[in-house]
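The values are calculated or read from the model by the stated rules, or taken from the named source; none is laboratory data. What you see is a predicted model, and the numbers here were worked out from it, not measured in a lab. Glycine gets a Cβ as well: all are built from the backbone with ideal geometry, and neighbour counts include every protein chain shown. In case anyone asks, the SASA skips ligands and DNA or RNA and just uses the protein heavy atoms, side chains included. Shrake-Rupley method; radii C 1.70, N 1.55, O 1.52, S 1.80 Å.
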Amino acid sequence: MKDLIAARLESGRPLLFDVEDVSLHDLESERPRVRFAHEGAEEELECEFVAGCDGFHGVSRPSVPAGILREFHREYPYGWLGILAAVAPSSDELVYAHTERGFALLSMRSPELSRLYLQCAPDEDLELWPDERIWEELQERLGVDGWTLHEGPILEKGVTPMRSFVVEPMQWRRLYLAGDAAHIVPPTGAKGLNLAVRDVAALAEALVAWYRDGHVALLEAYSETCLRRVWRAEHFSWWMTTMLHRAPEDDEFTLRLQQSQLRYLRTSRVAATSLAENYVGVEHA
């Protein structure tokens, strides 16, 4: 966000915060409009195109008439209890842990800050998780002989439910949906921001082709172009999530399947290469 804001300020173009009552109008016309309130004044933007980058709960997707979009979604029976701790990361690499007590993840925010996550119920009550209990559970799930999980003051904590969501198509008339407005992935595969950036990169390329050369082909193909990548990431994120988490209804058979898959990833170069390719987002035509 800091980089994006700095680039916008350097361009000298307007950047507004704390706008309210945003609404979209005349999307089917060649001059769609965006209305909003800012600092007590009613404002209106007349546009040629509208990029709906306003997230899952924004106004862009609901502004498309009923019956145009088709939604695909899946809710997961678990969430993540995440913390930001004032302690240096205990590893230079991400650590994913699959245990009979549930999933855990060690991540990093900076050389002085760590992000850590515990699998929990999607509606977990944070009041039941004082700092001491969080660290105890992280030690249980992440601890191994010969390695130390360092603890420190917890600065933030919260619970994030997990779901998968895709809308098709990602465009209607002069409106183009991007990022969480069009798709959600569970965070296990670390694909959410990557997908959003690729959406806006594809849209930017299409708009440049339109304004520079008058070519409409990339704009018309925007949904098809993005959705090929989106569904690949959706599958990868679902696969990572179901492989590493214990659902309440999972039996011993499911556990053995998960363990077998993890052993295969650890021992097969082909399987490990496939995981790496999907994780970093290598695209195929």
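Each Lys and Arg contributes +1 and each Asp and Glu -1, all at the Cβ; summed about the Cα centre of the chain, the dipole is approximately 1100 debye. Sequence-ordered 3J(HN,Hα) estimates for segment 216-226 from the Karplus curve with 6.51, -1.76 and 1.60 and θ = phi - 60° stand at 9, 4, 5, 5, 5, 8, 3, 4, 4, 4, 6 Hz, glycine and proline given as x.
This model, with +1 at the C-beta of Lys and Arg and -1 at the C-beta of Asp and Glu, gives segment 175-247 a dipole about its Cα centre of some 340 debye.
When the Gaussian network model of the chain links Cα atoms closer than 10 Å, the mean-square fluctuations of E140, E124, E20 top out at E20.
Surface calculation, 1.4 Å probe, protein heavy atoms: V280 sits at approximately 100 Å² accessible. For M108, the residues whose modelled amide H falls within less than 5 Å of its own, excluding neighbours fewer than 5 places apart on the same chain, are R115.
With the charge dipole of the chain set up from +1 on Lys and Arg Cβ and -1 on Asp and Glu Cβ about the Cα centre, the Cα lying farthest toward the positive end among the listed residues A202, L9, S107 is that of A202. Element breakdown for the chain at a 1.4 angstrom probe: carbon and sulfur atoms account for 53% of the accessible area. For C53, the accessible area of its heavy atoms, probed at 1.4 Å with every protein chain present, is near 80 square angstrom. Couplings for segment 121-132, taken from phi via the Karplus curve 6.51 cos²θ - 1.76 cosθ + 1.60 with θ = phi - 60°, read 6, x, 10, 4, 8, 5, 4, 7, 10, x, 3, 4 Hz in order; Gly and Pro are left as x. Applied to segment 93-101, the Karplus parametrisation 6.51 cos²θ - 1.76 cosθ + 1.60 on θ = phi - 60° returns per-residue 3J(HN,Hα) values of 10, 4, 10, 9, 10, 9, 9, 5, 8 Hz, with x for Gly and Pro.
Counting only protein chain heavy atoms and rolling a 1.4 Å probe, the accessible areas of F36, F17, F56 rank, largest first, as F17, F56, F36.
Note: relative contact order over segment 85-152, using C-alpha pairs below 8 Å and six or more positions apart, is 36 percent. Beta bridges assigned by DSSP with both partners in the chain are antiparallel in approximately 95 percent of cases. Any chance you could give the angle, 0 to 90 degrees and rounded to 10, that helix 192-213 forms with the longest Cα principal axis of the chain? Long axis of 192-213 versus the principal axis of the chain: about 20 degrees.
Per-residue accessible area (protein heavy atoms, 1.4 Å probe) orders K191, K157 as K157, K191, starting from the largest. Rounded to the nearest 10 square angstrom, I5 shows an accessible area of 50 square angstrom against a 1.4 Å probe.
The residues of segment 64-155 expose on average 56 square angstrom of accessible surface per residue, using a 1.4 Å probe on protein heavy atoms.
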